[in-house]
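Only one structure is covered here, and it is reproduced in the block below.
Every number here is computed from the coordinates shown, using simple stated rules; none is lab data. A quick note: this is a predicted structure, and the numbers were derived from the prediction, not measured. Cβ coordinates were reconstructed from backbone atoms using ideal geometry, including for glycine residues, and neighbour counts include every protein chain displayed.
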Amino acid sequence: MQALTKISLFIFLLISGVAWAESVPTPLPIYVGLDAEFGYKDSTSAEAIKRGMLIAIEEINQRGGLLAGRPLAILERANNSTPARSIANIQELAKLPDVVAVFCGRFSPTVLDSLPVIHQQKIPMLDPWAAADGIIDNQYSPNYVFRLSLRDSWAMQTMIPFAGGKKLHKLGLLLLNTSWGRSNLSAAETYIKANSQYKIMAMQWYNWTDDSLLDKYLQILNAGSEAVIFVGNPIDALKLVKAETSLPTEQRLPIISHWGITGGNFAQQAGDLLTQVDFSMVQTYSFIGKQDAHTLQVLAAAQRLFGVKDVRALESPVGVAHAYDLMHILAKAITLAGSTDRSKIRDALEQVKNYEGLIKKFPQPFTAKRHEALTLQDVFMARYAADFAIEPIFSDKHSVLHH
């Protein structure tokens, strides 16, 4: 009888324990929106941004989450690079009280058009890729947009001197006919106005729908240009390389490209054509050659979570790196804010300090007067290797040419 009583007591305690465990509510997730170009043909940028976010989120959640154990999670929305779709996505996400911020994708025109709704809804926008200066220089106060990425003005302050280092001072501009292209034109003109050794010999606009860029390239060539400063996306770069390689070798100008082309499968599609032209592009970070513990930790997670073969096979690496660091900075801001109140998180983003990031140490990523986490000194030139990995271009002194 005594044994039976003990068994009954054990069963009672076991059942009571289960009931108690079930009565403890599971902490609700804190959501971060991601409105990006998922589904856009041959694009890898949105996926890279998502990967960087997920690697950071796994680390944060494994450490116990935020705000007394709440896990972070992503709510993903596809905008297909269409501004109207992006605006609708942001409006939808902003209605959800547990969405504390929204990450954007690669396309600047989409982000620029979403600025009014971002500020109407007072939801922080975190930018890990889109580079138009006006995304941050938007005249809104308080400003709800924070960027850890490139600026077009920094791109031009890197690309044009890179041409000068090759003794190429007569430049032709080939620009996508969007607000992103116009942002780059303004940046180029500003730089050249202050650096009179350079001259714009020709400027050509092209549209998404242009079947070929040969005529526009020939106008740049025939104007006496020594190099092409190119602003475009992967499909546009492929058209340009095809145009150049259809001409004799002596008519193929060096192409110095903005980084939009690294957000897709341009190099794989161009294949052997890339070996027939002098093609370089601007970047802000490379995993290649890094052996520090932080980099190896992120790469190991990319291999485990996404099946990435090795560091050289990582697609759109800047998207991964930027989104990773930006997510950790956001997590620190949420902790500082002590709540999911978006205005408090916006304010806290300006107060985060001493973040030991993947890209670098950030003493204070953002301030009230500076919503750019990177600087011009983080920008360098790179090129595609034979295996399509993006490799920094170094000088003989083993430092990035820009620095």
Taking the Cα atoms of segment 187-271, what is the range of coordinates along each of the three principal axes, in descending order and whole Å?
37, 29, 21
Explain nothing, just the number: dipole magnitude of segment 118-234 about its Cα centre with +1 on each Lys and Arg Cβ and -1 on each Asp and Glu Cβ, in debye rounded to the nearest 20.
340 debye
Among all the lysines, which ones have a C-alpha under 23 Å from LYS369's C-alpha, if same-chain residues fewer than 8 places away are not counted?
LYS122, LYS332, LYS344, LYS353, LYS360, LYS361
May I ask you to compute the full-extension gain from GLN62 to GLU250, defined as 0.36 nm times their residue separation minus their alpha-carbon distance, rounded to one decimal in nm?
62.0 nm
Among ASN207, ALA188, VAL231, the residue whose Cα sits farthest towards the positive end of the charge dipole of segment 156-246 (+1 at Cβ of Lys and Arg, -1 at Cβ of Asp and Glu, taken about the Cα centre) is ALA188
Pick from THR44, THR367, THR26: which is most flexible by mean-square fluctuation in a GNM of the chain where alpha carbon atoms under 10 Å apart are linked?
THR26
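Mind scanning LYS50/LYS290; LYS166/LYS309; LYS41/LYS242; LYS41/LYS199 and naming the pairs with a C-alpha gap bigger than 26 Å?
Pairs exceeding 26 Å: LYS166/LYS309; LYS41/LYS199.
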Principal axis dimensions, largest first and in whole angstrom, of segment 226-336 by Cα
58, 30, 22
Taking the convex hull of Cα positions in segment 247-403, its mean projected area over all directions (nm²):
11.9 nm²
The Cα extents of segment 24-73 along the principal axes, largest first and rounded to whole Å, are 45, 17, 13
Taking 0.36 nm per residue of separation and subtracting the Cα-Cα distance, what length does fully extending SER186 through ILE235 add?
15.3 nm
Let me check the size of the chain from its C-alpha atoms; what are the radius of gyration and Dmax in Å?
24.1, 104
Among 296-309, 316-329, how do they line up from the highest to the lowest mean number of other beta-carbon atoms within 10 Å?
316-329, 296-309
Please give the contour-minus-distance gain from LYS170 to LYS369: 0.36 nm per residue of separation, less the Cα-Cα distance, rounded to one decimal in nm.
68.0 nm
Kirkwood hydrodynamic radius of segment 300-385 from all distinct Cα pairs, in Å?
14.7 Å
If one computes the Cα centroid of segment 362-388 and of segment 176-246, what distance in Å separates the two points?
23 Å
Long-range alpha-carbon pairs in segment 51-158, meaning those over 24 Å apart, account in percent for 28 percent
Taking only C-alpha positions in segment 267-314, Rg and Dmax in angstrom work out to 13.9, 38
Label-point separation in nm, ILE74 to GLU356, each point 7 Å along Cα→Cβ:
2.6 nm
Calculate how many DSSP beta bridges within segment 134-282 are antiparallel, expressed in % of all such bridges and rounded to the nearest 5.
0 percent
Could you tell me what percent of the DSSP beta bridges with both partners in the chain are antiparallel, to the nearest 5?
25 percent
Formal net charge of residues neighbouring LYS353 (Cβ-Cβ distance under 12 Å; K, R +1; D, E -1)
0
